[in-house]
Amino acid sequence: MPRFKLSKLVRDKIVDHQIKSGAKPSFRKLDPLEHKQELINKIIEEAQEILHSDSGQVAAEIADVQQALDDLKELCGLTDDEIMAAQKEKNDKNGAFKQGYFIDHIEIDEKDKWTAYYRENADRYPEVMP
């Protein structure tokens with residue numbers, strides 16, 4: 001019988017479906033910290049699948065992202081109202097993502113507070129020389 005490595009969080013009924021089909025999944029229940037990390041990994045995985053989905057599959061992929069977000073929210077003990085309040089606060093301060101602005105790079109003064117931030121997070125914001 002062939003064996004495949006999955007190493008990923010799956011929906012709650014998948015293991016039962018696999019067993020009923022004759023498969024033999026090796027699985028365990030994650031502790032809360034692992035569960036949180038794997039929900040984040042699932043959100044990334046499903047979000048990437050949106051890029052490769054045809055128009056008929058986009059809703060299903062977004063539904064997977066939304067489910068993982070909902071489960072992460074619950075695991076973190078957050079309510080819809082708290083999420084909506086945080087979203088409103090961010091939108092009021094910095095706007096949403098509707099306009100589609102994309103910054104390729106930024107030149108800022110050496111003394112700007114963001115210069116230190118970008119350098120401290122060089123893995124995300126590598127400094128480029130002109």
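The values are calculated or read from the model by the stated rules, or taken from the named source; none is laboratory data. Everything numeric in this text was worked out from a predicted model, so none of it was measured. In this analysis, Cβ positions are derived from the backbone assuming ideal geometry, glycine residues included, and neighbour counts consider all displayed protein chains. Note: accessible area is taken over every heavy atom of the protein model, side chains too, but ligands, DNA and RNA are not part of it. Shrake-Rupley method; radii C 1.70, N 1.55, O 1.52, S 1.80 Å.
Indicate the gyration tensor shape class of region 78-130 (rounded, prolate or oblate), computed on the Cα atoms with a ≥ b ≥ c the square roots of the eigenvalues: a/c under 1.5 is rounded; otherwise a/b larger than b/c is prolate and the rest oblate. Prolate shape, in that a/c is at least 1.5 and a/b is the bigger ratio. Counting only alpha carbon atoms, the long axis of helix 80-94 and the longest principal axis of the chain meet at about 30°. Helix 58-75 and the long axis of the chain differ in direction by around 90°, with both axes built from C-alpha atoms.
Using the per-residue mean of other Cβ atoms lying within 10 Å as a proxy for protection, in what order, highest first, do the peptides 59-67, 102-110 fall?
On the way: 59-67: 14.4, 102-110: 7.2.
Order by mean packing, descending: 59-67, 102-110.
Directionally averaged projected area (region 50-101, Cα convex hull): 4.8 nm².
The overall shape of region 1-68, judged from the alpha-carbon gyration tensor, is oblate: a/c is not under 1.5, and a/b is no greater than b/c.
Under the criterion of Cα pairs below 8 Å and six or more residues apart, the relative contact order for the chain equals 14 percent. What residues of region 91-116 lie in the reach of a label at L51, counting those whose backbone N is under 19 Å from a point 7 Å from the Cα along Cα→Cβ? Residues 100-105 fall inside that zone.
As a test of the definition: which semi-axes, in Å, follow for region 1-40 when you take the square root of five times each eigenvalue of its alpha carbon gyration tensor? Largest first, please.
Details: eigenvalues 92, 26, 12 Å².
Whole-Å semi-axes of the equivalent ellipsoid: 21, 11, 8.
Each label was represented as a point 7 Å from its Cα along the Cα-to-Cβ direction; for A96 and M1 these points are 4.9 nm apart. Each label was represented as a point 7 Å from its Cα along the Cα-to-Cβ direction; for R28 and W114 these points are 4.4 nm apart.
If you count Lys pairs in region 79-122 whose Cα atoms are under 21 Å apart, skipping same-chain pairs closer than 8 places in sequence, the total is 4.
Computed over the chain, the range of Cα coordinates on each principal axis works out to 63, 38, 35 Å, biggest value leading.
Entry comment: accessible area of the chain is 92 Å² per residue, from protein heavy atoms only and a probe of 1.4 Å. Taking the protein heavy atoms of region 33-87 in the context of the full set of protein chains, the accessible area attributed to carbon and sulfur is 58 percent at 1.4 Å.
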